[in-house]
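FYI, it's all coordinate maths here, none of it is from the lab. Quick caveat: nothing in here was measured; it's all calculated off a predicted structure. Ideal geometry is used to build each Cβ from the backbone, glycine not excepted, and the neighbour counts take in all protein chains shown.
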Amino acid sequence: MPAIVDVALTVTAGALAGYFVLQYADVRSAYPSNMSGRALAIFNTSMFLGVAAMQWASGIAASAAGAQHAEPVSAAFWIIATLLVAGTAAFALLPWPTGTQRKFFQE
């Protein structure tokens, strides 16, 4: 793989990874001010649990692939990609509170 592809993929991953910070603002705006502290605490905990679950699942996939004499890193990456797509789909299909709109879909 040419070095420019590696650099482009690294920059793209870095730019996309920074968007999780915007989710804190989304969580804060989704709840009334008297509940925002609890909502942010639960969200922060779920972020850490999600990372832990991702590491656990990719480890199981890598171990299973190694036992089948397949490439363990590829299996781990496929599990990560699958879980990221599932999480994105779940977020896109979340119900929103009555009276609010998804601002990122408006023109």
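Some points to look at:
- Top positive-direction residue, dipole computed over the chain with Cβ charges, set Leu49, Pro95, Pro2: Pro95
- The percentage of C-alpha pairs in the range 19-69 whose separation is greater than 15 Å is 59%.
- With 0.36 nm allotted per residue and the present C-alpha distance subtracted, the Phe48-Leu9 stretch has 11.6 nm of extension available.
- Rounded to whole Å, the principal axis extents of the Cα atoms in the chain read 53, 32, 22, largest first.
- Derived scalar couplings ³J(HN,Hα) [the range 39-51; Karplus, 6.51 cos²θ - 1.76 cosθ + 1.60; whole Hz; x for Gly, Pro]: 5, 5, 5, 5, 4, 4, 5, 5, 5, 5, 5, x, 5
- Burial ordering of Tyr19, Tyr31, fewest other beta-carbon atoms within 10 Å first: Tyr19, Tyr31
- A cut-off under 11 angstrom between Cβ atoms defines the neighbours of Ala39, and their net charge, with Lys, Arg +1 and Asp, Glu -1, is +1.
- Helix axis angle, 72-92 relative to the chain longest principal axis, alpha carbon, degrees: 20 degrees
- The chain: relative contact order as a whole-number percent, Cα under 8 Å and 6+ apart: 14 percent
- Footprinting exposure proxy ranking of Phe77, Phe20, fewest other C-beta atoms within 10 angstrom first, gives Phe20, Phe77.
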